[in-house]
Amino acid sequence: MPNDGQIVSLACEPLLLLCQGKCPEDGWDESTLELFLQELAVMDSNNFLGNCGVGEREGRVASALVARRHYRFIHGIGRSGDISAVQPKAAGSSLLNKITNSLVLNVIKLAGVHSVASCFVVPMATGMSLTLCFLTLRHKRPKAKYIIWPRIDQKSCFKSMVTAGFEPVVIENVLEGDELRTDLKAVEAKIQELGPEHVLCLHSTTACFAPRVPDRLEELAVICANYDIPHVVNNAYGLQSSKCMHLIQQGARVGRIDAFVQSLDKNFMVPVGGAIIAGFNDPFIQEISKMYPGRASASPSLDVLITLLSLGCNGYKKLLKERKEMFVYLSTQLKKLAEAHNERLLQTPHNPISLAMTLKTLDGHGDKAVTQLGSMLFTRQVSGARAVPVRNVQTVSGHTFRGFMSHTDDYPCPYLNAAAAIGMKMQDVDLFIKRLDKCLNTVRKEQNRASAVSDDKAEAADVEEMALRLDDVLGDVGQGPAL
Ligand SMILES: *Cc1c(COP(=O)(O)O)cnc(C)c1O
């Protein structure tokens, strides 16, 4: 039986949500949420008791399990001409979509971009959502074929430009101390060289792996305003960082930002599959939503709606606060560990999420030891850490990058990345530090041994190493004593 509090919340909270489109301060419990979803779902025609469908898309579902998995929202979102439009057959799904977009806008504001005007959830990950933005700009700038892109070594954002049919113009970063930062002079010189009308837009990045740091958004936004060039910001996992959000807010205040795109899974702890496209000019954001051909999956919207309603503003703010604390903790622990191994934490104060420690002592025998450390961490179930060699050459969509992964042709030394992203726990940091410590010791031992012993001894060492590895894993999960 519901208690009084629940009766009150059932009566008022959903109404408040519908009237104001605001995220509730405190999260709802599961039963309130399910009741709310059911109320919405019965507004879709496929769930009407007396419905008789005679069309080709009537929200019929063969499996009851599939119906339940989607809370009986079967029609998806949007209409053929606009992903944000109301679908008359599916009033509930349409309402769900409107509420989600409104809540997400609310959260973008509380995360630091106060003057955001409009946004919508797209059921495509970040790379494809960036592509959609570029394709929308194409009609406004018929002569343009280039996109100016301060280099970030991440394949999907590079491919987002190629897939849209544009030629990325890569602007190399400059080394300032340990940090890799935007080369503003090179950006401006390139615009002048190509002619502003031939440039589709500038494509900048906030969240990225250290030692690269977020682009100088304010200055870039001013350049875009001066040359009348659109500006699209890849804010992949930047929504969780007040610093990244502040950069976007400031950029839009002093210059030009047309759209900023962020991942749903990286910022809201939901399954991969969605992104948010947001901006400061409502008609332009609507144009992007009209570019999307056909209807779309409602799943990403539903997932983020459920997540935000169950967390409430306070729950989400708490996660953001804990992430900041974890970042401080991770950097202290990583610094200590680095120094114990004669390495150091790279000084990258402008990067609020990702850290890097040098692997100088593993350099010298090609990339072998660095690569080995990477694979050792992986087999020890450390995911997300990247061991970055310096001489890696890789071709992505026909463009060859020297020093790929390191955001520059020739970074002074190899390094290891780790990030404090939303949802990370102290236990994650502690286990990571412990395993990294062991791996560094093992790699160093093998480095020394490799120069001295013969092949068959090395093979015996491999067996020993496998045994140790198994032991690590068992020991860490508490299923057996460490030797
Ligand atoms: C995650 C990420 C992307 C996009 O990847 P998707 O798989 O398309 O979501 C783009 N750029 C950066 C910097 C990223 O971290």
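The values are calculated or read from the model by the stated rules, or taken from the named source; none is laboratory data. In this text the structure is predicted, and so the values were computed from the model without any measurement. Note that we place each Cβ from the backbone using ideal geometry, even for glycine, and neighbour counts take in every protein chain shown. All accessible areas refer to the heavy atoms of the entire protein, side chains included, with ligands and DNA or RNA removed. Shrake-Rupley method; radii C 1.70, N 1.55, O 1.52, S 1.80 Å.
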**Q.** Helix-derived mean residue ellipticity, 222 nm - over the chain, DSSP H n ≥ 4, -39500 (n - 2.57), to 500
**A.** -15500 deg cm²/dmol
**Q.** Net charge dipole size for the stretch 277-381 [Lys, Arg +1 and Asp, Glu -1 on Cβ; Debye, nearest 20]
**A.** 240 debye
Q) Dipole of the chain, Cα-centred, from +1 at each Lys and Arg C-beta and -1 at each Asp and Glu C-beta, to the nearest 20 debye? A) 720 debye
Q: Report the extension gain between V162 and K290 in nm, rounded to one decimal, defined as 0.36 nm multiplied by the number of residues separating them, less their alpha carbon distance.
A: 43.9 nm
Q | Amide proton proximity set for G274, modelled H, under 5 Å, gap of 5+ | A | L264, D265
**Q.** Rounded percent of accessible protein surface that carbon and sulfur make up, the stretch 269-359, 1.4 Å probe
**A.** 59 percent
Q: Could you let me know the centre-to-centre spacing of the stretch 151-209 and the stretch 44-91, using Cα atoms, in angstrom?
A: 42 Å
Q: At 1.4 Å probe size, with every protein chain present, just tell me what the per residue accessible area of the stretch 191-274 comes to in Å².
A: 29 Å²
Q) Looking at the stretch 16-123, which chymotrypsin sites (Phe, Trp or Tyr not before Pro) are DSSP coil and have at most 16 other C-beta atoms within 10 Å of their C-beta? A) F48
Q. Can you flag which of K159/K324; K335/K360; K368/K434; K266/K324 are past 19 Å Cα-Cα?
A. K159/K324; K368/K434
Q) Can you list residues whose amide H is under 5 Å from F401's amide H, if they're 5+ apart or on another chain and H is modeled 1.01 Å from N? A) Q394, T395, V396
(Q) Suppose a student asked you for the relative contact order of the stretch 197-309, using Cα pairs under 8 Å spaced at least 6 residues apart; what percent would you report? (A) 21 percent
(Q) I'd like the Karplus ³J(HN,Hα) series for the stretch 105-111: coefficients 6.51, -1.76, 1.60, θ = phi - 60°, whole numbers in Hz, and an x wherever there's a Gly or Pro. (A) 4, 4, 6, 4, 5, 5, 7
**Q.** Under 20 Å from K290, Cα to Cα: aspartates and glutamates that are on another chain or at least 8 residues apart
**A.** D82, D258, D282
Q) Which ³J(HN,Hα) values, rounded to whole Hz and listed in residue order, are derived for the stretch 162-171 from phi using the Karplus coefficients 6.51, -1.76 and 1.60 in 6.51 cos²θ - 1.76 cosθ + 1.60 with θ = phi - 60°, glycine and proline given as x? A) 5, 4, 6, x, 10, 9, x, 10, 7, 9
Q: Enumerate the aspartates and glutamates that K155 could reach by cross-link, defined here as Cα to Cα under 19 Å, with residues fewer than 8 away along the same chain left out.
A: E167, E172, D215, D265, D409, D410
Q: Find the relative contact order for the chain and round it to a whole percent, using C-alpha pairs within less than 8 Å whose residues are 6+ positions apart.
A: 16 percent
Q: Go through the stretch 40-57 residue by residue and turn each phi into a ³J(HN,Hα) via Karplus (6.51, -1.76, 1.60, θ = phi - 60°); whole Hz please, and just put x for glycine and proline.
A: 5, 5, 5, 7, 8, 4, 4, 9, 5, 4, x, 5, 10, x, 10, x, 8, 9
Q.
For the chain, take the longest principal axis of its alpha carbons; what is the angle in degrees between that and the long axis of helix 217-227, to the nearest 10 within 0 to 90?
A. 60 degrees
Q: Amide H neighbours of V213 under 5 Å, at least 5 residues apart or on other chains, H built in the peptide plane: list them.
A: L180
